[in-house]
Amino acid sequence: MSILLFLSLFLIVIFLLLILRTKKQLKNMAEALTDIQTGNGNRKILAVDNDITSELSFKMNEIVYGYEEQLSKLRSADETNRQLMTNLSHDVRTPLTTLIGYLDAIHRGVAGPDEHDEYIEIARLKAHDLKDYIDILFDWFKLNSCEFSLSLEQTELAELTRNILKDWIPIFEERQLLYEIKIPEKPMFVTLDSGGYERIMNNLIQNVISHSNASQITIEITPKETDSLIRIEDNGIGIDKSDLLHIFERLYKCDKGRSGKGSGLGLSIVKQMVEKMNGTIYAESEPSQYTAFTVSFPAKH
């Protein structure tokens, strides 16, 4: 009987200790949650694997991790949007102010007969710069909206690319940019969105014209067993290795070796478009020698 009583007392003591320990753990969890609630996202709830509250603690830590990750993304997006609006106000205002200035000069008769045509041409170029910038912004906002969708279908890549490039040839010739186009005669079928592919090609070619100071551009399509490669190479001033790591990031502008003109969104748009069509893109460059962008789309057999 005494042994049974002893065992009963022992179990009661163990149970009480367990309750006290659990109560202490719950108190610690409550304090940690209060700390997290006040903004300390690095605070974690500690627990031992065999504790009664361990599973609850681990689940709560997962929630906190997810919450902090979402907050970090929101902060990053908020900072990106602020930077985008700052760039927008500057990059739109500058060509717009110049455009208005030249048109006002013509309207008021400030520009003489010899300057009239020159002022008109400058105003025209500034208007085109402004349109290009607004087009990129439109693509960016559309691409990052819930309404954006692509129509992926089997497409003959060679003929589609020829149709896109025929509109660029007069621009190459006007700018005295030597061009070499290598597209196989044999049809190549890939799955992509035709409009999205056109924007990708236009952005990459415009990138060469706007930033490379190149005298030559080569556009080549190479069919492979599992994919088709589109390579756009120029012989311009190139991109530094440190910049090459970041060129597809939002709002990134190369500080060295490239023109300061541009929104910093063009290549980010290209990368997102390529990936949404299950393709890949990478860049190679050697300063003062060349820059090449290679896009790959899975082949359709």
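The values are calculated or read from the model by the stated rules, or taken from the named source; none is laboratory data. Since this is a predicted model, take the numbers as computed values, not measurements. With ideal geometry, Cβ positions are generated from the backbone for all residues, glycine too; neighbour counts draw on all protein chains shown.
The single residue among Thr294, Thr222 that is modelled with pLDDT under 95, under 23 Å from Phe189 (Cβ atoms) and among the hydroxyl-bearing types (Ser, Thr, Tyr) turns out to be Thr222.
Taking the conditions exactly as written (closer than 29 Å to Gln206 by Cβ and either loosely packed, with under 12 Cβ neighbours inside 10 Å or among the acidic types (Asp, Glu) (or both)), does Asp129 satisfy them or not? So Asp129 fits the description; yes. When we screen Tyr119, Tyr67 for residues that are farther than 23 Å from Leu137 by Cβ and modelled with pLDDT under 70, the only hit is Tyr67. Pairs linking a residue in segment 211-234 that is closer than 18 Å to Gln289 by Cα to a residue that is assigned to a strand (DSSP E or B) and of a type in the set (Gly, Ala, Ser), with Cβ atoms under 9 Å and 6 or more positions apart or on different chains, are Thr218/Ala292; Arg231/Ala292; Ile232/Ala292; Glu233/Ala292; Asp234/Ala292. In segment 274-301, the residue that is surrounded by the most Cβ atoms within 10 Å (Cβ to Cβ) out of those that are hydroxyl-bearing (Ser, Thr, Tyr) and within 17 Å of the chain's Cα centre (by Cα) is Thr294. Scanning segment 196-205 for residues that are closer than 13 Å to Gln154 by Cα and either surrounded by fewer than 17 Cβ atoms within 10 Å (Cβ to Cβ) or modelled with pLDDT under 90 (or both) yields a count of 0.
This table checks each residue for (1) touching a residue at least 24 places away in the same chain (Cβ under 8 Å); (2) of a type in the set (Gly, Ala, Ser).
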| position | (1), (2) |
| --- | --- |
| Ala127 | yes, yes |
| Ile134 | yes, no |
| Asp139 | yes, no |
| Ser149 | no, yes |
| Ala158 | yes, yes |
| Thr161 | yes, no |
| Leu165 | yes, no |
| Ile171 | yes, no |
| Pro184 | yes, no |
